[in-house]
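The values are calculated or read from the model by the stated rules, or taken from the named source; none is laboratory data. No experiment lies behind these values; they were computed from the predicted model shown. Neighbour counts are summed over all protein chains in view; Cβ atoms, including those assigned to glycine, are modelled from backbone coordinates with ideal geometry.
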Amino acid sequence: MAETALSAPAADAAPEIDLDELKRMRQRRNERIGAWALPVIVVALTLLGWDWIVRANEIPHYILPGPGRVAESLYEDWSILFSALMVTLKVTTMALFTAVVLGVGLAILFSLSKWIEMSLFPYAVILQVTPIVSIAPLIFIYVDSKLAGLLICAWIVAFFPILSNTTLGLNSADHNLRDLFRIYGATRWQTLRHLQIPSAMPYFLAGLKIAGGLSLIGAVVAEYVAGTGGVGSGLAFRILEASYRLNIPRMFAALLLIAVTGVLIFALMSLINHLALRKWHESAVSRER
Amino acid sequence: MEGIVPEEHQTGGSAGHADPLLRVANVSKVFGGQVTALRGMSLDLGEGDFVSLLGPSGCGKSTALRLIAGLTHPTSGQIRWRAGTEPDLGVVFQEPTLAPWSTVFGNVWLPLRLRGISKAAAKDQVEEVIASVGLAGFEGAYPRELSGGMKMRVSIARAMVTRPKLLLMDEPFAALDEITRFKLNNDVLALQQRLGCTVIFVTHSVFESVFLSSRIVVMAARPGRVVHDMPNDAPYPRDEGFRTSHDYVERCRAVSAALRDAMEHGAGHEEH
């Protein structure tokens, strides 16, 4: 009954929006709102719940500080935490940058020569499967500069996804397109530049997303192992130091900074991914329906 | 109708080319020392010929095309271009095989780009050939924004942009719907007539081969080889009128008979 009543005027109205369409539009609008509203609500509820648990049970702040206390610590210790954040961030970005340069460079070398790939790939795998915490002490014995040591550790962790993804990408060019390049007598360099590198882009960017997070983890873990303090120490050392002093609010504040940094790095990598691929790659193209 | 009578394949291909553009002389291709993909193929290609290679799957059509393209080398026999002629060809694959990261312009520019011709220098040539396949105005579109037929047109434009003497087409329209295929057949034929290039067209469609080609080479499988080499002398230009004519139907009937013969009794015709 309701259907017949609705369909009659709809036939007269010029813009053809049927019930399905209307439902879909409503659903899309709800999803758009939910995409930001839900996380905000969940985070707010978590904070409220956290605060309530701490208050209701009268938990002392050196065991579990409430969210207010953490925010306070973040504000009061900002100068210490911020300079520590900058150190960690420096190691992270430098490690990521080095991982990109060497990872992509080595992947290109691999694609140019099967012999080099067969010779060196085992070492890349060995570096990848050996836990960084077990190599780090050795690195700090042999490398004098603490910054260089941290950098090497973070780099080892971030390097492999870039290398392996880019290698896979460079080898995954459409074989008919490869034939076409051969028919036109393309040089090795032209094939690399106009065929393999564009084909490898989505793979490389997926590796970059993983490597971004890993370089932060590498930087933090390496600092735990290095364990030395002083002026140029990063967030991980501040966490260790705060735990020795039972300054739990500061531990939470530093942890919060690391988490936020990780999220921002991931968001930045996703943005780069989107900007680079939005014109042509299925993963980044927005679709109707 | 006389020209369409199946004749026994003879070494050296159909008559008449004193100085062929390309000569395929008794070429065989064996893979891995045991699988004979092609046995004793001979074919002379004259300038302006439109030759269809017609046969069931596994008859070595695509192998023949790859050999001519220089992507693989014959186990025995020779492929020779006319003395003083550089190998000069364009290829259209079964799939459009476009670079998805590149626009229509970028894809068509590619062969020229690989020869070191800059975007500015190639612009007129590229735009002209894009217009000639009916895609003017789509230069900036990406492949994913195009229909299957349009992608194939880009692929054809890319093959034609260097004005090759020889165009190789490997079942280019097999994956398209019939309406699109008819339209593309008309357009390819018009383009070939205008530019006067030589075409080798691999197909498994009798109707397509009769509509397009000036010569139909019927092949048989296991091992892949040529069994009939039939001239198809219906006058060009051929249009929709030809496609519905009695003459066309008769020619299709004759070629079908030759193809059936190749598939059923192919082994008996072996010469080499």
**Prompt:** Which members of the stretch B:100-145 meet the condition of being within 12 Å of another protein chain (Cβ to nearest Cβ), assigned to a helix (DSSP H, G or I) and not aliphatic (A, V, I, L, M)?
**Reply:** B:G106, B:N107, B:W109, B:P111, B:R113, B:P143, B:R144, B:E145
**Request:** Just one of (1) surrounded by 24 or more Cβ atoms within 10 Å (Cβ to Cβ); (2) farther than 22 Å from B:F173 by Cβ; (3) not charged (D, E, K, R) trips up B:F201, so point out which.
**Result:** (2)
**Message:** So if I check each of A:F252, A:F266, which one is at pLDDT 90 or above and over 30 Å from A:S172 (Cβ atoms)?
**Reply:** A:F252
**Prompt:** Within the set of pairs 6+ apart or on separate chains, which have a first residue in the stretch A:271-289 that is facing chain B (nearest Cβ under 10 Å) and assigned to a loop (DSSP other than H, G, I, E, B), a second that is surrounded by fewer than 14 Cβ atoms within 10 Å (Cβ to Cβ) and at pLDDT 90 or above, and C-beta atoms under 8 Å apart?
**Reply:** A:W280/B:R144; A:E282/B:R144; A:V285/B:R144
**Request:** Give the residues of the stretch A:135-181 that are among the acidic types (D, E) and either away from every other protein chain (no Cβ under 14 Å) or touching a residue at least 60 places away in the same chain (Cβ under 8 Å) (or both), sorted by residue number.
**Result:** A:D144
**Item:** Residue ranges of strands (runs of 3 or more DSSP E) in the stretch B:36-99 with at least 3 members surrounded by 17 or more Cβ atoms within 10 Å (Cβ to Cβ) and in contact (Cβ under 8 Å) with a residue 60 or more places away in the chain
**Value:** B:50-54, B:89-92
**Fill in**
Residue hits (the stretch A:107-128; touching a helix residue (DSSP H, G or I) at 6+ places or on another chain (Cβ under 9 Å) and either of a type in the set (V, I, T) or within 27 Å of A:F237 (Cβ to Cβ) (or both)) are A:I108, A:I116, A:V125, A:L127, A:Q128
**Message:** Regarding the stretch B:152-161, can at least one residue be identified that is crowded, with 17+ Cβ neighbours inside 10 Å and over 28 Å from B:G70 (Cα atoms)?
**Reply:** no
**Prompt:** Only one of (1) within 14 Å of chain A (Cβ to nearest Cβ); (2) closer than 30 Å to B:G33 by Cα; (3) among the hydrophobic types (A, V, I, L, M, F, W, C) fails for B:A157. Which number is that?
**Reply:** (2)
**Request:** State all residues of the stretch A:154-198 that are over 27 Å from B:P164 (Cα atoms) and among the polar types (S, T, N, Q); if no residue qualifies, say none.
**Result:** A:S164, A:N165, A:T166, A:T167, A:N171, A:S172
**Asked** Can you find a residue in the stretch B:130-144 that is on the phi > 0 side of the Ramachandran plot and surrounded by fewer than 18 Cβ atoms within 10 Å (Cβ to Cβ)?
**Response** yes
**Request:** Check the stretch A:220-237 and report whether any residue there is within 13 Å of chain B (Cβ to nearest Cβ), touching a residue at least 40 places away in the same chain (Cβ under 8 Å) and more than 22 Å from the chain's Cα centre (by Cα).
**Result:** no
**Item:** Positions within the stretch A:182-193 being in a helix (DSSP H, G or I) and either out of contact with any helix residue (DSSP H, G or I) (no Cβ under 9 Å at 6 or more places or on another chain) or facing chain B (nearest Cβ under 7 Å) (or both), in sequence order
**Value:** A:R182, A:I183, A:W189, A:Q190, A:R193
